[in-house]
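Accompanying notes for the structure given below.
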Amino acid sequence: MLPTLSTNTISSFFSAFCRRYSRLLLALTLVFSSPALLASWTLNMREGITEISRETYNLHMTIIWICVAIGVVVYGVLFYSLFAYRKSKGAVPATFYHNTTAEIIWTVIPFIILIAMAVPSTKVLMKIYDTDDSTMDIRITGYQWRWQYKYLNDKGAPVVYFSNLSTPAEQYENFPGKISAEKGEHYLLEVDEPLVIPVNKKVRFLLTSGDVIHSWWMPDFAIKKDAIPGFMNASSVIAEKTGIYRGQCAELCGRNHGFMPIVVEVKEQADFDKWYAEKQEAAQKVADMTSKEFTREQLVEMGQTVYNTYCMACHQANGQGLPPTFPALAGSKVANGPLEGHLDTVLHGRKGTAMAAFGTQLSPVDIAAVITFERNSFGNKMGDMATPLQVYQLQQAK
Amino acid sequence: MATGHDDHHHGPAKGLTRWLYTTNHKDIGTLYLWFSFAMFLLGGTFALVIRAELFQPGLQFVDPNLFNQMTTMHGLVMVFGAVMPAFVGLANWMVPMMIGAPDMALPRMNNWSFWILPFAFAMMSSTLFMDGGGPNFGWTFYAPLSTTFAPKSVTFFIFAVHMMGASSIMGSINIIATIQNLRAPGMTYMKMPLFVWTWLITAYLLIAVMPVLAGVVTMMLFDIHFGTSFFSAAGGGDPVLFQHVFWFFGHPEVYIMILPAFGVVSEIIPTFSRKRLFGYDSMVYATSSIAFLSFIVWAHHMFTTGMPLAGELFFMYSTMLIAVPTGVKVFNWITTMFKGSLSFETPMLFAIAFVVLFTCGGFTGLMLAIAPADFQYQDTYFVVAHFHYVLVPGAVFSIMAAAYYWLPKWTGNMYDENLGKLHFWLSFIGINILFFPQHFLGLAGMPRRVPDYALQFANFNMVSSIGAFFFGFSQLLLLFIVIKTIKGGKKATAQVWEGAEGLEWTLPSPAPYHTFSTPPPIK
């Protein structure tokens with residue numbers, strides 16, 4: 001009888017509880033059942049998809065278990081002492097304060113454990129440092145706050161492009177009074193164009209930076225390498241599984257450090273070749289565009305897109321900037337002055353300020369478009385335009 | 001007993017000038033400790049801004065630029081404003097009383113080295129209200145983010161760092177001069193209390209590396225204002241050079257913040273175990289080895305910068321070696337408790353928590369030393385968890401332990417033991433809720449110094465933020481306990497603690513304004 005009774009009591013309590021807190025329970029159920037959020041109690045490192053990432057993971061686990069073993073012994077003796085030798089239980093203190101044998105033992109044993117750890121670590125490290133004999137080289141350049149990927153050793157038109165955060169600002173700007181959009185599945189870990197590499201091929205990354213120090217981190221490859229201005233660091237990967245992998249910039253690089261994700265798409269060789277051919281074709285088109293004629297209206301329209309991607313983070317959507325670090329463009333001397341000055345600022349940047357030199361980052365069409373847009377927007381009414389050819393000639397002159 | 005009764009040695013002056021003009025080591029110690037506590041609350045407030053923003057994904061409260069200023073200022077204020085001055089304050093109060101000296105060796109310089117600090121921090125904090133905001137490049141201020149790309153206020157930051165450095169160098173010269181010259185006859189080096197030993201070694205570390213810090217900020221100043229290119233690749237300079245110079249200062253700096261903590265714990269554990277410290281000699285040698293090693297491990301902060309393989313291996317091996325002397329210390333503390341007669345007053349609770357949680361930080365430190373694994377840990381929340389485990393339940397807990405331990409000696413009153421224990425347990429629970437989940441966040445892939453994060457990091461960030469507010473507000477209880485103790489309470493005896501040994505416990509409580517005007521006899 002008793003078990004039935006208590007079961008009844010429990011179930012009636014449970015249903016009352018459910019009635020009372022139904023909304024809370026619903027919310028909790030949603031939290032714990034949604035697959036995206038289930039992953040959010042992740043405790044450990046990823047094994048990744050390369051031989052090196054697996055070996056790194058194993059090394060990590062080995063050291064954890066060694067630490068756990070040492071911890072059991074050390075904490076064991078400590079807690080035993082805390083319980084066994086209490087004054088309240090009438091413990092009388094011993095008088096020893098020295099024991100050479102014990103001290104030698106606990107100096108030597110850790111030393112041996114350390115050597116046991118150092119051997120496999122050295123092996124993995126040497127493997128990581130072997131970046132020779134790659135089938136493909138990709139230059140990765142960090143900029144505030146986007147990555148540029150350039151495929152080297154190529155024939156035909158060069159494939160070079162930027163990879164920008166594609167999460168819309170409405171999702172992350174949740175300041176009071178702002179209307180926010182719901183956050184997507186890959187919130188802050190999604191880009192407009194991922195880096196694409198072929199599967200099972202040794203790909204070498206050559207990392208550098210165009211402004212401050214960044215760090216290119218792809219946990220599934222166990223690669224984290226700093227992108228440093230004036231340096232060229234090398235790292236290589238043999239990805240063993242196709243798919244989409246996500247990482248982030250790991251070195252504080254200014255205001256939007258938290259907003260420059262890395263996405264890599266690993267494709268089968270045939271799919272990669274197809275993608276690469278398309279990229280080359282598109283690059284050829286851009287080259288052809290430079291000699292094409294545009295109207296002012298066309299450039300303003302194209303310039304809006306370029307502005308939103310490259311300029312808005314600092315100069316803001318309304319062109320008001322964030323003075324004094326990021327000056328306003330609305331009514332500015334540059335955007336309302338001679339065209340030569342505006343071209344110079346955008347192409348070569350401003351020394352000693354956060355304004356970068358976009359001459360090496362953007363195509364002539366994009367630069368001409370964004371300059372034309374800035375001179376004819378935010379209340380600026382210059383009525384003039386820059387042409388891609390003009391930009392191209394200035395780029396070549398330097 | 002030790003107070004002279006001629007006319008010049010009456011009590012302290014009255015009013016504000018007592019504190020402005022004082023050359024008394026106890027007054028200056030008090031000033032340092034109050035200043036440190038104020039900075040602890042200020043730096044803690046910055047941390048709570050950070051944790052409030054990270055409570056949920058999305059940007060709710062602060063702009064990313066302000067967020068970066070908060071992480072930077074939190075680090076600078078806690079390192080240079082809270083932890084270091086607290087230890088200098090403890091040294092001021094305790095070193096002369098522990099070695100039987102009448103005061104510090106250079107009392108006027110002592111006054112000066114303290115009074116520079118409030119101005120340095122006022123200047124540094126004022127940058128938050130300047131055009132373009134305060135320092136936003138992290139407390140490690142890597143170039144060129146802190147030079148070419150820095151806000152204009154960086155010059156004030158550089159000047160403030162110079163002032164703090166001058167203060168630290170003067171303070172450490174004073175401590176060295178005191179320990180080496182003013183020990184009572186018979187107090188040989190190997191009879192000094194361990195707190196004195198660890199501070200002697202720390203003071204030498206400070207003198208060695210503070211000028212390096214001054215050098216690196218001066219090079220920044222020249223890059224920013226005088227057209228040099230030390231750290232600018234475009235001008236033929238080297239951004240990685242900055243990191244080498246910074247960490248040549250920065251790694252010994254880490255030990256500057258932990259060696260005196262070792263000293264404090266080595267005083268407290270024997271007292272409440274009623275048993276002599278185990279392995280005194282090896283404690284001294286271990287501390288010296290750690291100090292030596294701290295100069296040859298700096299580039300383990302830079303494993304991802306692309307050092308050559310030989311460099312990576314050297315710094316990996318040398319870093320792993322630190323585990324040996326650190327292990328010796330932990331074993332000695334535990335063996336001191338083994339077969340002792342333990343009681344658990346608040347200082348002892350903090351000291352035991354120190355041993356347990358510092359060891360935990362030591363384990364993650366060992367993991368971080370393994371270069372290939374470090375590629376996955378570097379610049380993630382795993383690192384944040386690691387260094388907070390050694391700095392908060394490490395350095396900060398030892399400071400709190402020291403405060404409870406010597407408070408009866410300073411004020412003449414016992415603190416409220418129940419409130420003290422409550423404060424300990426709130427802090428202990430709070431700190432673990434705050435920092436333990438950060439290990440998981442880092443391993444799962446969350447970078448540090450980001451104002452917003454992907455959805456899979458949401459749960460543990462929320463837990464961590466709850467822990468932060470819990471821990472933060474618990475510290476107001478410490479303020480209350482200290483004020484209550486100053487105002488009154490059960491009168492403390494001279495020895496205060498049953499198992500306490502050492503010269504400071506031969507003095508009456510509260511310790512008279514002037515002590516050991518004639519040196520005490522040493523057995």
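The values are calculated or read from the model by the stated rules, or taken from the named source; none is laboratory data. Only a predicted model underlies this, so the values are computations on that prediction, with no experimental measurement involved. Heads up, the Cβs are rebuilt from the backbone with ideal geometry, glycines too, and the neighbour counts pull from every protein chain shown. The area values use the complete protein model at the heavy-atom level, side chains included, leaving out ligands, DNA and RNA. Shrake-Rupley method; radii C 1.70, N 1.55, O 1.52, S 1.80 Å.
Gain in length, B:Phe295 to B:Thr45, computed as 0.36 nm per residue apart minus the alpha-carbon separation, to one decimal in nm?
86.7 nm
For the protein assembly as shown, give me the percentage of DSSP beta bridges that are antiparallel, rounded to the nearest 5 percent. Write out the running numbers ahead of the final one.
On the way: 33 of 46 bridges.
So the antiparallel bridges in the protein assembly as shown amount to around 70 percent.
Can you give me the Cα centroid spacing of region B:471-496 and region A:283-341 in angstrom?
Cα centres, region B:471-496 to region A:283-341: 62 Å.
Mind grabbing the accessible area of A:Tyr75 for me, 1.4 Å probe, Å², rounded to tens?
Surface accessible to solvent at A:Tyr75 totals approximately 50 Å².
Tell me, how many Å apart are the Cα centres for region A:51-73 and for region B:243-276?
If you average the Cα positions of each part, the centres end up 27 Å apart.
Compute the acute angle (0 to 90°) between the alpha-carbon long axis of helix A:388-397 and the principal axis of greatest extent of the alpha-carbon atoms of chain A; round to the nearest 10°.
Once rounded, the angle reads 70 degrees.
Going by amide H atoms built from the backbone, whose H comes under 5 Å of the H on B:Leu342, apart from near neighbours?
Placed amide hydrogens put A:Arg86, A:Lys87 under 5 Å from B:Leu342.
Relative contact order for chain B: what is it in percent, counting Cα pairs under 8 Å that are at least 6 residues apart?
Numbers: 852 pairs, mean separation 98.7, N = 523.
Rounded, it is 19 percent for chain B.
Gap in Å between the Cα centre of region A:141-166 and the Cα centre of region B:89-113?
61
Chains A and B: how much accessible area gets covered up at their contact, both sides added, probe 1.4 Å, in Å² to the nearest hundred?
8500
What is the spread of the Cα atoms of chain B along each of their three principal axes, largest first, in whole Å?
Principal extents (Cα only, largest first): 68, 50, 46 Å.
For A:Trp147, list long-range residues whose amide hydrogen, built 1.01 Å from N in the peptide plane, is under 5 Å from its own amide hydrogen.
For A:Trp147, the qualifying residues are A:Ser163.
Only helices at least 27 Å long along their own axis, judged from Cα atoms, and with Kyte-Doolittle mean hydropathy of -1.0 or greater: name those in chain B from DSSP H.
Span-like helices, by this rule, are B:25-53, B:107-126, B:154-181, B:194-225, B:346-369, B:417-444, B:458-487.
Return the average number of partner chain Cβ atoms within 10 angstrom of each residue Cβ along peptide A:87-97.
For peptide A:87-97, the averaged partner shielding equals 6.
Taking every Cα atom in the protein assembly as shown, find the radius of gyration and the maximum pairwise distance Dmax, and write them in Å.
Looking at the protein assembly as shown, its Cα Rg and Dmax stand at 30.5, 98 Å.
Per-residue HN-Hα couplings for region A:302-318, Karplus 6.51 cos²θ - 1.76 cosθ + 1.60 at θ = phi - 60°, whole Hz, x for Gly and Pro?
Karplus-based 3J(HN,Hα) across region A:302-318 equals 5, x, 4, 5, 4, 4, 4, 7, 10, 10, 5, 4, 9, 7, 6, 4, 8 Hz.
List the aspartates and glutamates whose alpha-carbon lies under 16 Å from that of A:Lys351, not counting same-chain residues fewer than 8 positions away?
In chain and number order, the partners are A:Asp211, B:Asp223.
Can you pull the percent of chain A's accessible area that's carbon plus sulfur, 1.4 Å probe, other chains left in place?
Numbers: 12530 of 20370 Å².
Accessible surface attributable to carbon and sulfur in chain A totals 62 percent.
Using packing as a proxy for protection, rank B:293-301, B:181-189, B:367-375 so that the peptide with the highest average count of other Cβ atoms within 10 Å comes first.
Output ranking for B:293-301, B:181-189, B:367-375: B:367-375, B:293-301, B:181-189.
Place the peptides A:187-193, B:149-155 in order of packing, highest mean first, counting for every residue the other Cβ atoms within 10 Å and averaging per peptide. Intermediate values should be presented prior to the final figure.
On the way: A:187-193: 19.3, B:149-155: 20.9.
In descending order of packing, they fall as B:149-155, A:187-193.
In whole Hz, what ³J(HN,Hα) sequence does region A:136-151 give by Karplus (6.51, -1.76, 1.60; θ = phi - 60°), x for Gly and Pro?
Calculated HN-Hα couplings, in order: 8, 10, 10, 8, 10, 10, x, 10, 6, 9, 7, 10, 10, 10, 10, 7 Hz.
For A:Asp384 and A:Lys333, compute 0.36 nm times the residue count separating them, minus their Cα-Cα distance, and round to one decimal in nm. Can you show the working numbers first?
Working: separation 51, 0.36 × 51 = 18.36 nm, distance 1.51 nm.
That pair, A:Asp384 and A:Lys333, stretches by 16.9 nm at full extension.
Suppose a student asked you for the relative contact order of region A:290-397, using Cα pairs under 8 Å spaced at least 6 residues apart; what percent would you report? Intermediate results must be reported in sequence, preceding the final value.
On the way: 156 pairs, mean separation 34.9, N = 108.
So the answer I get is 32 percent.
Please calculate the 1.4 Å probe accessible area of B:Trp406, with all protein chains present, and give it to the nearest 10 Å².
The accessible area of B:Trp406 comes to roughly 0 Å².
What FRET efficiency comes out for the pair B:Trp425/B:Met130, r = Cβ-Cβ distance, R0 = 45 Å, nearest 0.05?
For B:Trp425 and B:Met130, the calculated efficiency is 0.60.
Quantify how strongly other chains surround peptide A:112-118 by giving the mean number of their Cβ atoms within 10 Å of each of its Cβ atoms.
4
Using heavy-atom solvent-accessible surface (probe 1.4 Å) with all chains present, what is the largest-first order of A:Val72, A:Val119, B:Val77?
Descending order: A:Val72, A:Val119, B:Val77.
Once you place label points 7 Å from the Cα toward the Cβ at A:Lys178 and B:Tyr204, how far apart are they in nm?
If labels sit at A:Lys178 and B:Tyr204, their model points lie 5.4 nm apart.
Go through B:32-38, B:393-399 and give me the packing order, highest mean Cβ count within 10 Å leading.
B:393-399, B:32-38
Taking every pair of alpha-carbon atoms in region A:290-397, give the share separated by more than 21 Å as a whole percent.
Numbers: 1443 of 5778 pairs.
Beyond 21 Å sits 25 percent of the P(r) for region A:290-397.
Non-local amide H neighbours of A:Cys249 (under 5 Å, H modeled in plane, Pro and chain starts lacking H): which ones?
A:Met260, A:Ile262
Inside 10 Å of the C-beta atoms of B:60-69, what's the mean count of C-beta atoms belonging to other chains?
4
Among the listed pairs A:Lys123/A:Lys224; A:Lys285/A:Lys381; A:Lys292/A:Lys333; A:Lys89/B:Lys484, which have their C-alpha atoms separated by more than 22 angstrom in this model?
Numbers: A:Lys123/A:Lys224 18 Å; A:Lys285/A:Lys381 31 Å; A:Lys292/A:Lys333 30 Å; A:Lys89/B:Lys484 32 Å.
With Cα atoms farther than 22 Å apart: A:Lys285/A:Lys381; A:Lys292/A:Lys333; A:Lys89/B:Lys484.
Quick one: putting +1 on the C-beta of Lys and Arg, -1 on the C-beta of Asp and Glu, what dipole do you get for the protein assembly as shown around its Cα centre, in Debye to the nearest 20? Kindly include the intermediate steps, with their values, before the conclusion.
Working: 58 positive and 58 negative charges, 541 e Å.
The calculation lands at about 2600 debye.
From the helices alone, meaning DSSP H stretches of at least four residues, give me the mean residue ellipticity at 222 nm for chain B, per-run term -39500 (n - 2.57), in deg cm²/dmol to the nearest 500.
About -21500 deg cm²/dmol.
Tabulate in residue order the Karplus-calculated ³J(HN,Hα) for region A:243-260, using 6.51 cos²θ - 1.76 cosθ + 1.60 with θ = phi - 60°, rounded to whole Hz; enter x for Gly and Pro.
Per residue, the Karplus-derived 3J(HN,Hα) values read x, 10, 10, 10, x, 8, 5, 10, 10, 3, 10, x, 3, 9, 3, x, 10, 10 Hz.
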